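Worksheet for the structure shown next.
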Amino acid sequence: MAILSLKNVSKKFGETEIIRNVSLDIVEGEKHAIIGPNGAGKSTLFHLISGRHGVTSGTIEFKGEPIHNLSPYEITRRGLARSFQVTNIFPRLNVFENVRCALLWSMGYRYSFWTLLGRAEKLNQKARATLNEIGLADKAHYPAGQLAYAEQRALELGIAIAGGGDMVMLDEPVAGMSHSEAASAVELIRRVTEGKTLVMVEHDMGIVFDVADRITVLVYGEVIASDIPERVRANPKVQEAYLGAAKEAEENA
Amino acid sequence: MLEVFIFATLNGLVTGLLLFMLASGLTLIFSMMGVLNFAHASFYMLGAYFAFSISQYIGFWGGLLFAPVIVGFAGALVERYGLRRVHKSGHVAELIFTFGLAFLIEETVQFFWGRATQNYQSPEILNFALFTLFGQEFSAYRAFMIAISISIFIGLYYVLTRSRVGIIIQAAITHPHTVNNLGHNVPFIFCAVFGVGTALAGLAGVIAGPVLTTFPGMALVLGSIVFVIVVIGGLGSLFGAFVASLLIGLLQSYAIASNVGMPDLLNWIGVSFDRDHPLNDIWTITLPQIAPLLPFLLLVLILIFKPNGLFGKRET
Amino acid sequence: MNLLKKLSLWIGFAIALLVLPRFFDSILATSILNQMAIAIIFALSYNMLLGQGGMLSFGHAVYFGLGGFMAVHALSMIEFETAYFSVTLIPLIGGLFGLAAGIFIGSFSTRKAGTVFAMITLGLGELVAASSLILVDFFGGEEGVSADRTFGPEFFGVDFAQSIEIYYLAAAWVFITTVLMYLFTQTPSGRMANAVRDNPERAEFIGYSARKVRFISFCASGFFAGVAGGLFALNYEIVTEENLNAATSGRVLLMAYIGGLGYFIGPIIGAVVLTLMNSLLSNYTELWMLYLGIMFVLTVMFLPQGFAGFIMMHQSAWVRRRLRYLILPYLTTGIPALVFVVSSVAMLEMSHTESDVFDFLGIPFDPSGWLSWLVLAATALGPGCPVCDTPFPAPAFRCLGISKRRQAETGLRPWRYSP
């Protein structure tokens with residue numbers, strides 16, 4: 001059952017074609033990794049799916065409905081959440097507020113100016129619970145802009161998953177983290193995406209082969225393989241384009 | 001009818017070119033730093049006032065020569081010690097700073113020169129009629145204004161596109177870090193461009209002072225229109241600023257010169273309202289009346305339908 | 001802060017509002033207090049846009065003025081018996097009209113924030129101000145529109161003829177609107193406005209249309225600006241084109257910024273300070289606007305958080321009970337700074353005086369004599385030029401016979417002025 005379905009998606013910026021005729025199906029409930037060399041278009045693909053850019057041609061369907069030219073908030077409201085490669089939080093709000101804002105829409109608050117958030121017990125409880133999950137409960141009143149890098153990444157993840165989307169897209173969630181920080185981040189990701197669909201862009205092959213049910217390899221805007229990890233690893237095209245380092249990482253892991 | 005049209009066109013040209021002198025400096029500064037310099041028209045005012053004071057001692061031509069230089073220098077100082085400091089606080093802070101600066105300059109001018117209109121005269125040798133058409137004179141001074149404006153633009157165009165300095169400036173506008181890494185002193189370039197931009201505004205003040213009257217409110221009068229021009233033309237586009245300046249200059253000139261009004265339009269449709277109708281004000285509007293409004297109306301319309309302006313490359 | 005603390009703050013605010021006239025009971029004082037009330041509501045409404053929403057507007061006076069004009073027409077209607085309702089509701093009428101204007105204008109102007117938004121508001125502000133001189137029926141042309149506020153039904157025996165009666169009504173409106181605006185910041189719309197200010201892109205990715213969030217803030221701020229306009233109409237009984245124009249828009253920007261954008265209480269401080277400067281300072285000197293301009297530019301450059309921000313900077317010291325360590329540094333930097341300011345003001349005033357003797361703080365100076373200038377310049381530069389952070393004071397201290405070593409010993413560091 002494909003929760004997300006891309007058909008012949010292309011994206012051009014001016015004359016430059018970044019995404020070339022990509023077709024991809026994400027199965028509901030699976031953990032799917034997208035890998036590829038830098039500049040392959042992975043982030044652009046995320047932007048296309050999440051609504052930040054529109055497609056030049058092709059269609060994207062989420063839960064059976066076309067989303068390819070909707071605005072980000074319309075797509076998010078349908079249950080698709082994403083995080084960003086470059087931390088994209090609300091720096092002047094404190095950590096608790098960051099998470100609480102992320103929860104507002106999904107808990108039905110819409111644009112109300114007649115409910116006082118201080119009194120919204122369920123909302124505040126859920127926000128606190130989310131903070132506990134991402135391990136930032138003790139930093140709840142810090143301005144988000146003052147957190148350390150790894151904490152900001154954790155908050156980034158928290159904002160993405162707070163809304164309770166059915167599909168979570170994470171763009172290089174452990175980029176820039178040390179080995180131990182990355183390990184706990186992966187644990188966190190595993191925990192919070194249980195029962196949900198996860199699509200992840202990652203460079204760390206150890207994590208990719210560990211977490212993913214299926215892997216898609218993107219090179220120069222084209223999908224050159226999309227399959228279960230063993231077969232992707234064995235694929236000669238993939239090995240030539242990208243995976244030379246993977247075997248070592250896997251052996252070292 | 002024809003003479004009205006010709007003179008309106010000529011006057012519109014004078015105004016438009018003057019506005020472009022202001023708008024070009026503003027566009028350069030915006031392209032370079034991303035900040036819309038609210039105080040730009042204030043430097044225009046300073047140019048007029050400095051030129052006036054200088055001309056008391058060494059005549060109009062002395063003012064023409066020295067006042068823009070002084071204003072440019074003042075602008076460079078403002079950039080170096082004021083704007084650069086505020087730059088790190090973001091665009092909103094920069095806008096607020098330049099807004100405060102405009103306010104401060106207006107008060108300072110009033111402090112040193114008082115509130116009255118200054119008797120800044122155009123030079124004697126240009127006080128004749130260049131030609132007389134259909135009984136109306138066109139003063140040589142206005143022709144001089146056109147000549148100066150055009151020569152400045154040609155000079156600016158050649159410096160920007162054909163000289164080494166110009167190429168460096170163009171590169172620094174879009175890729176300041178790269179140019180910095182190539183060994184050029186980009187902060188100095190910023191400072192210099194700001195200075196040149198304000199010097200241009202000052203020069204506009206020097207030549208416009210005698211015609212548009214020199215008084216402390218002169219910055220306010222032109223300031224908003226220059227913004228309108230820069231935004232309509234497209235933020236960051238010199239060509240857009242040129243087109244928009246001429247457009248606004250001519251539009252206002254034609255509007256003022258014409259005698260068309262709402263009553264004419266209504267008569268043409270065959271409708272008329274009596275004097276006591278509640279919307280009487282609107283039905284009796286004439287074009288000359290709304291002439292000052294037209295630039296702003298155009299601004300709002302363009303911002304709604306084409307937020308990048310006519311030729312704009314970037315929005316903010 | 002817990003609920004009890006917050007509630008006591010509000011109660012304290014209400015009590016202060018009620019009790020102020022006891023301390024300041026002259027007619028001038030009442031007039032100034034009324035001005036402050038109007039300014040407070042206006043500045044707070046502006047901060048909904050700028051401080052809370054990140055939208056810089058150069059045309060906020062439009063809603064203030066439109067609200068004011070509608071209110072004064074309503075007053076006229078009461079006066080000429082076309083309508084009959086209590087004058088206490090006049091600010092509400094202003095608010096509703098401001099809201100309507102906000103809805104109309106906001107529908108097309110809130111698509112973008114940033115420079116584009118600022119330019120739209122500038123253009124619209126000029127447009128409306130210029131139109132007001134053309135549409136004479138509603139805006140009264142150059143004389144504006146005036147009315148009499150004493151014709152409405154009495155409110156518990158009060159007919160609002162006196163200024164002090166208007167004060168209590170204004171104080172009530174100040175309290176109500178401040179509470180409402182504060183509560184707004186605690187609602188989903190208010191919080192999302194902050195989020196959109198910080199990161200409009202991310203706000204979209206958590207399900208909110210940034211445009212709609214801005215639109216709601218815009219309408220709300222238009223409402224409250226209209227209330228301020230209505231109160232203005234009630235207080236002065238006349239509204240003119242001046243209340244719509246760029247100068248008024250600029251003034252509210254100044255108030256909010258100087259007070260401090262990032263704090264709810266900031267605009268209140270700014271409104272109070274600016275009203276005092278406007279009414280009191282202008283009696284002592286012609287140059288008060290110059291001082292205002294200088295103060296504003298210096299605030300933008302050195303104190304971007306405003307007065308409220310400056311006060312809040314001391315919060316961590318207060319919490320850790322270490323405020324007393326700041327006393328000495330403030331004295332060593334503050335006193336020279338004060339002397340500098342006073343001497344500079346004296347020099348500026350002296351250059352503007354027309355009489356033969358310039359009397360400053362009881363000391364007569366001769367404006368034409370060079371000695372006066374020398375003394376003032378010395379007092380200004382001697383103790384130090386704090387703003388420039390230059391070693392000016394070193395010569396002064398040397399003149400006084402204090403050597404560098406001695407300076408180091410006593411811990412006095414005259415050439416570094418950063419508390």
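Just so you know, all these numbers are worked out from the coordinates, no wet-lab data involved. Note that this is a predicted model, so its numbers are computed, not measured. As a convention, Cβ positions derive from the backbone with ideal geometry for all residues, glycine included, and neighbour counts pool all protein chains shown.
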Out of C:GLY98, C:VAL128, C:PHE108, whose Cα points farthest toward the positive end of the dipole of chain C (charges: +1 Lys, Arg; -1 Asp, Glu; placed on Cβ)?
C:PHE108
Mind telling me which of C:TYR46, C:TYR208, C:TYR257 comes out most flexible in a GNM of chain C, alpha-carbon contacts under 10 Å?
C:TYR208
Can you list the aspartates and glutamates whose alpha carbon sits under 20 Å from that of C:LYS112, skipping same-chain ones fewer than 8 residues off?
A:GLU74, B:GLU94, B:GLU315, C:GLU126, C:ASP198, C:GLU201, C:GLU204
Students often forget the sequence filter, so: which lysines lie under 18 Å Cα-Cα from A:LYS12 once same-chain residues fewer than 8 apart are removed?
A:LYS42
Please name whichever of A:VAL208, A:ALA137, A:ALA183 sits farthest to the positive end of the charge dipole of the range A:107-253, dipole taken about the Cα centre and charges placed at Cβ: Lys and Arg +1, Asp and Glu -1.
A:ALA137
Taking the dipole of the range B:69-151 about the Cα centre (Lys, Arg +1; Asp, Glu -1; charges at Cβ), the one of B:PHE144, B:PHE73, B:THR117 that reaches farthest to the positive side is B:PHE73
Distance between the range B:11-27 and the range C:59-77 - C-alpha centres, whole angstrom:
37
Compactness of the protein assembly as shown, expressed as Rg and Dmax over alpha-carbon positions, Å
32.0, 99
Which ordering of B:VAL193, A:VAL219, C:VAL239, C:VAL19 is given by a fewest-first count of other beta-carbon atoms within 10 Å?
C:VAL19, A:VAL219, B:VAL193, C:VAL239
For the range C:1-160, size of Cβ-based charge dipole, Lys and Arg +1, Asp and Glu -1, in debye
1000
Viscosity 0.692 mPa s, temperature 37 °C: what is the translational diffusion coefficient of the range C:78-211 from Stokes-Einstein with a Kirkwood Rh over Cα pairs, rounded to a whole number of µm²/s?
177
Could you work out how far the C-alpha centroid of the range A:62-105 sits from that of the range C:80-125, in angstrom?
32
First check a/c for the range A:109-253, with a ≥ b ≥ c the square roots of the eigenvalues of its C-alpha gyration tensor; if it is under 1.5, answer rounded, and if not, answer prolate when a/b is larger than b/c or oblate otherwise.
prolate
Rounded to the nearest 20 debye, what is the charge dipole size of the range C:243-386 about its Cα centre when +1 sits on each Lys and Arg Cβ and -1 on each Asp and Glu Cβ?
1060
Suppose we take every Cα in the range C:180-237 and form the convex hull; what volume per residue is that in Å³?
70
Just to be sure I understand: with springs between alpha-carbon atoms less than 10 Å apart, which residue in B:VAL271, B:VAL231, B:VAL165 has the highest mean-square fluctuation in the Gaussian network model of chain B?
B:VAL271
Could you work out how far the C-alpha centroid of the range C:262-288 sits from that of the range A:150-224, in angstrom?
53
Could you give P(r) for the range C:1-56, binned at 5 Å from zero, as whole percent values over all Cα-Cα pairs?
4, 16, 14, 17, 20, 16, 10, 3
Under 20 °C and 1.002 mPa s, how fast does the range C:214-265 diffuse according to Stokes-Einstein, given a Kirkwood radius computed over C-alpha pairs? Answer in µm²/s, whole number.
172
When the dipole is taken about the Cα centre of the protein assembly as shown, and only Lys, Arg (+1) and Asp, Glu (-1) are charged at their Cβ, what size is it in debye, to the nearest 20?
2860
